[in-house]
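Below: one structure, written as structure tokens.
The values are calculated or read from the model by the stated rules, or taken from the named source; none is laboratory data. Just so it is clear, the model here is predicted, and its values are computed rather than measured. Every residue, glycine as well, gets a Cβ built from its backbone with ideal geometry; the counts of neighbours run over all protein chains shown.
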2 protein chains.
Amino acid sequence: MTRILCVLPTDEDQRRQLQAAAPNASLSFSEKAEFSQAELQEASVVLGNVSPGILKQMPNLAFIQLNSAGTDGYLVPGVLKDHVILCNATGSYGLAIGEYLTAMALTLVKKLPLYRDQQFEGAWTDQGTVGSVYGSNTLVLGLGDIGTEFATRMAALGSHVRGIKRTPGGSVPGVEAIGTFDDLDAWLPWADFVGMALPDTPQTRNVMNRDRIFSMKKSAILLNAGRGTAVDTDALTDALKTGAIGAAGLDVTAPEPLPPDHPLWQCRNCFITPHVSGGLHLRQTHERMVALFCRNLQAYFSNGEMESVVDRSTGYRKS
Amino acid sequence: MTRILCVLPTDEDQRRQLQAAAPNASLSFSEKAEFSQAELQEASVVLGNVSPGILKQMPNLAFIQLNSAGTDGYLVPGVLKDHVILCNATGSYGLAIGEYLTAMALTLVKKLPLYRDQQFEGAWTDQGTVGSVYGSNTLVLGLGDIGTEFATRMAALGSHVRGIKRTPGGSVPGVEAIGTFDDLDAWLPWADFVGMALPDTPQTRNVMNRDRIFSMKKSAILLNAGRGTAVDTDALTDALKTGAIGAAGLDVTAPEPLPPDHPLWQCRNCFITPHVSGGLHLRQTHERMVALFCRNLQAYFSNGEMESVVDRSTGYRKS
């Protein structure tokens with residue numbers, strides 16, 4: 001009998017759904033990955049992000065379904081044998097993180113953080129003029145599920161949206177132009193909002209370097225909910241402190257967690273959240289993830305087509 | 001020669017536009033309404049919200065164009081003679097305040113204020129689960145320009161939207177049902193977001209009374225960018241403190257300004273801004289307003305049809 005180990009938090013109903021998708025398998029659930037040696041030896045399927053150290057104790061592993069979109073850590077040579085199928089959870093996070101990026105864009109353009117900062121003093125103090133999303137220009141870096149959900153929301157709110165992706169071509173509703181990273185330098189000075197939803201790959205690391213950050217509009221707002229490594233943190237701090245850009249909203253940082261004494265925390269035109277836009281913070285994310293896990297389990301056992309299979313050479317799903 | 005007094009802040013280009021709309025009139029500009037006795041005696045047109053005390057010194061006043069949507073103060077008997085044409089600036093604020101309400105809805109549902117409160121301590125601390133606008137229910141009170149702009153934005157972001165207005169009928173793109181205040185009690189428990197954009201009239205005062213506030217969902221978010229008098233402030237404070245509702249986002253309060261020692265300032269699930277969603281905080285508001293003033297000046301001098309003429313018996317524009 002196939003043994004499946006699941007570390008994704010689940011309620012009773014979700015366990016029932018997973019069992020129904022793999023009726024002939026034996027499922028073990030442990031959010032903290034506290035499995036017996038026998039379970040680790042025997043199991044051929046893992047659901048959820050167990051640590052690479054545990055994976056090395058699993059000689060029979062054939063399929064691992066991550067609950068993250070990013071695959072950082074699992075692509076390191078030696079962690080997964082070549083034949084192991086690796087799937088990520090692309091598609092589960094688009095709603096949650098796309099809404100988060102939209103919330104950050106609106107929050108910052110309306111200066112709401114500055115009003116929050118004075119609230120507990122009871123200060124009825126005007127913080128001056130604001131901008132709008134309507135009529136603005138938005139540049140989205142990364143047009144996967146998350147970038148697409150952000151792009152369509154900004155377009156729906158009346159922003160002119162352009163997107164940049166790894167490979168040329170394609171179309172996204174509401175996005176007026178799609179380019180590649182070759183267009184980035186030309187398009188950055190055009191943008192009022194730059195929304196980043198990039199995974200961590202050799203190609204995306206430091207893509208927003210000092211020159212590019214300083215090429216943005218003085219009023220521009222930089223948003224990042226992909227990976228912190230895509231932004232030069234020191235250059236961003238300098239840009240925010242000197243007013244070279246307007247504001248930043250970050251759910252990811254490099255390093256992460258951001259050390260408590262890092263100067264970025266104290267920049268009033270920076271708004272930092274501790275990598276919470278995704279995860280299981282939104283009920284619909286959890287629902288979409290369990291539904292994906294069920295579909296992939298069924299496909300795995302019936303030799304059907306699996307979703308979000310990761311191309312290990314790029315870290316992206318095979319398209 | 002007709003004399004026009006203008007208290008709206010204007011730049012040189014906007015003054016040129018206004019002069020071109022009334023080529024045979026003499027325009028006097030003073031943001032602080034520092035006009036000579038002769039100017040007050042002679043002028044028949046006022047652009048912008050001068051104080052009622054000044055209006056009483058203007059025997060020849062025939063037309064006053066307000067820069068506010070609300071007409072509070074100008075409808076008090078004795079302020080304006082019966083024949084004076086009163087126009088408000090309905091239509092100028094929809095974009096600014098509709099976006100503000102959308103920003104507040106997203107900010108609060110994503111718990112962003114709680115993250116801001118811990119930022120300056122450098123705290124990388126998770127604040128738990130969040131909600132979404134997508135798939136939620138939104139009830140909009142007041143479907144004028146502001147309420148309509150908010151409603152269409154929430155609908156565009158995937159919320160199910162219902163609206164309540166003074167008079168039955170009509171339709172707004174994206175709004176699934178439109179009712180009157182007779183529907184309020186039945187619809188309040190349905191809503192995840194309640195967005196208020198009501199003027200101050202005898203009918204709207206205290207419309208969100210204690211019973212209605214406490215009939216909302218425990219997770220519901222109340223937003224008010226109309227007039228503070230429409231909400232029972234003490235009841236709202238109690239509801240927020242006891243968790244009877246989820247959160248509130250307020251740009252208007254009663255009393256206003258909210259006294260520094262008012263307990264509402266200290267409610268972490270309340271987000272207060274000091275009546276800044278409108279005004280001239282957004283460039284487009286200023287542009288729309290000057291354009292409206294120009295159209296109404298041209299109409300006034302050519303006996304054409306003026307816009308946003310206020311029905312003094314209701315405080316609303318004549319439809």
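Structure above, values below:
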{"read-out": "Index of the failed condition, A:GLY243 passing every other in (1) at positive phi; (2) in contact with a Pro (Cβ under 6 Å, 6 or more places away or on another chain)", "value": "(2)"}
{"read-out": "Extreme residue, surrounded by the fewest Cβ atoms within 10 Å (Cβ to Cβ), among residues of the range B:106-126 that are among the polar types (S, T, N, Q) and under 19 Å from A:ASP261 (Cβ atoms)", "value": "B:THR125"}
{"read-out": "The lone exception for A:PRO52 - which of (1) within 23 Å of A:HIS281 (Cβ to Cβ); (2) outside the structural domain of A:GLN127 (by TED's automatic domain parsing); (3) out of contact with any Ser or Thr (no Cβ under 6 Å at 6 or more places or on another chain); (4) free of Cβ contacts under 8 Å to residues at least 60 places away in the same chain it fails", "value": "(1)"}
{"read-out": "Boolean, B:LYS241 is more than 14 Å from chain A (Cβ to nearest Cβ), modelled with pLDDT of 95 or more and touching a Gly at 6+ places or on another chain (Cβ under 8 Å)", "value": "no"}
{"read-out": "Scope the range B:260-290; condition within 16 Å of B:ASN224 (Cβ to Cβ) and aliphatic (A, V, I, L, M); matching residues", "value": "B:LEU264, B:ILE272, B:VAL276"}
{"read-out": "Test: residue in the range B:110-118 that is among the polar types (S, T, N, Q) and without any contact (Cβ under 8 Å) to a residue 24 or more places away in the chain", "value": "yes"}
{"read-out": "Candidate set: the range A:138-151, residues that are in a helix (DSSP H, G or I) and in contact with an Asp or Glu (Cβ under 9 Å, 6 or more places away or on another chain); chosen: the one farthest from B:GLN266 (Cα to Cα)", "value": "A:GLU149"}
{"read-out": "Helices (runs of 4 or more DSSP H) lying entirely in the range B:1-65 (those with 2 or more residues that are surrounded by 20 or more Cβ atoms within 10 Å (Cβ to Cβ) and of a type outside the set (Asp, Glu))", "value": "B:12-21"}
{"read-out": "Residue check for B:GLY135: more than 18 Å from the chain's Cα centre (by Cα), more than 22 Å from A:TYR134 (Cα to Cα) and either in contact (Cβ under 8 Å) with a residue 24 or more places away in the chain or not in a helix (DSSP H, G or I) (or both)", "value": "yes"}
{"read-out": "Any chance B:THR253 is polar (S, T, N, Q), assigned to a helix (DSSP H, G or I), within 14 Å of the chain's Cα centre (by Cα) and buried (at least 21 other Cβ atoms within 10 Å of the Cβ)", "value": "no"}
{"read-out": "Any hit, the range B:93-101, residues being more than 30 Å from A:TYR100 (Cβ to Cβ) and modelled with pLDDT of 95 or more", "value": "no"}
{"read-out": "Condition met for A:ALA69 (of a type in the set (Gly, Ala, Ser), in contact (Cβ under 8 Å) with a residue 24 or more places away in the chain and either surrounded by fewer than 16 Cβ atoms within 10 Å (Cβ to Cβ) or under 28 Å from A:VAL252 (Cα atoms) (or both))", "value": "yes"}
{"read-out": "Contacts under 9 angstrom Cβ, first residue in the range B:120-132 being among the charged types (D, E, K, R), partner in a loop (DSSP other than H, G, I, E, B) and surrounded by 15 or more Cβ atoms within 10 Å (Cβ to Cβ), 6 or more apart", "value": "B:ASP126/A:PRO274; B:ASP126/A:HIS275; B:ASP126/A:VAL276; B:ASP126/A:GLY279; B:ASP126/A:HIS281"}
{"read-out": "Matching residues in the range A:123-158 - criterion: being facing chain B (nearest Cβ under 7 Å), more than 14 Å from B:LEU282 (Cα to Cα) and not hydroxyl-bearing (Ser, Thr, Tyr)", "value": "A:TRP124, A:ARG153, A:ALA156, A:LEU157"}
{"read-out": "Filtered residues of the range A:172-187 (kept if more than 21 Å from the chain's Cα centre (by Cα) and touching a residue at least 24 places away in the same chain (Cβ under 8 Å))", "value": "A:ASP185, A:TRP187"}
{"read-out": "Spans of strands (runs of 3 or more DSSP E) in the range B:155-235 with at least 2 residues assigned by TED's automatic domain parsing to the domain that holds B:SER136 and surrounded by fewer than 23 Cβ atoms within 10 Å (Cβ to Cβ)", "value": "B:160-164, B:175-179"}
{"read-out": "Pick from the range B:263-272, criterion in contact (Cβ under 8 Å) with a residue 24 or more places away in the chain and within 11 Å of chain A (Cβ to nearest Cβ), ranking: surrounded by the most Cβ atoms within 10 Å (Cβ to Cβ)", "value": "B:PHE271"}
{"read-out": "Qualifying positions in the range B:157-170 - out of contact with any Leu (no Cβ under 7 Å at 6 or more places or on another chain) and within 24 Å of A:THR152 (Cβ to Cβ)", "value": "B:LEU157, B:GLY158, B:SER159, B:HIS160, B:VAL161"}
{"read-out": "Top-ranked residue of the range A:127-154 - restricted to ones that are of a type in the set (Gly, Ala, Ser) and surrounded by fewer than 19 Cβ atoms within 10 Å (Cβ to Cβ), ranked as farthest from A:ALA103 (Cα to Cα)", "value": "A:GLY128"}
{"read-out": "Yes/no for B:GLY48 being modelled with pLDDT of 95 or more and on the phi > 0 side of the Ramachandran plot", "value": "yes"}
{"read-out": "Conditions (1) farther than 15 Å from B:THR204 by Cβ; (2) crowded, with 24+ Cβ neighbours inside 10 Å: number failed by B:PRO259", "value": "(2)"}
{"read-out": "Residue tally, condition closer than 12 Å to A:ALA247 by Cβ, assigned to a loop (DSSP other than H, G, I, E, B) and more than 7 Å from chain B (Cβ to nearest Cβ), over the range A:106-122", "value": "1"}
{"read-out": "Tally of residues being closer than 19 Å to B:THR314 by Cβ and small (Gly, Ala, Ser) across the range B:79-102", "value": "2"}
{"read-out": "A:ASP234 free of Cβ contacts under 8 Å to residues at least 60 places away in the same chain and closer than 24 Å to A:LEU188 by Cα", "value": "yes"}
{"read-out": "Test: residue in the range A:85-105 that is at the interface with another protein chain (Cβ under 10 Å from one of its Cβ atoms), crowded, with 21+ Cβ neighbours inside 10 Å, more than 20 Å from the chain's Cα centre (by Cα) and not hydrophobic (A, V, I, L, M, F, W, C)", "value": "no"}
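Residues are listed down the side, and each one gets a yes or a no for (1) of a type in the set (Ser, Thr, Tyr); (2) surrounded by fewer than 18 Cβ atoms within 10 Å (Cβ to Cβ):
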| residue | (1), (2) |
| --- | --- |
| B:SER277 | yes, no |
| B:GLU287 | no, yes |
| B:ALA291 | no, yes |
| B:ASN303 | no, yes |
| B:VAL310 | no, no |
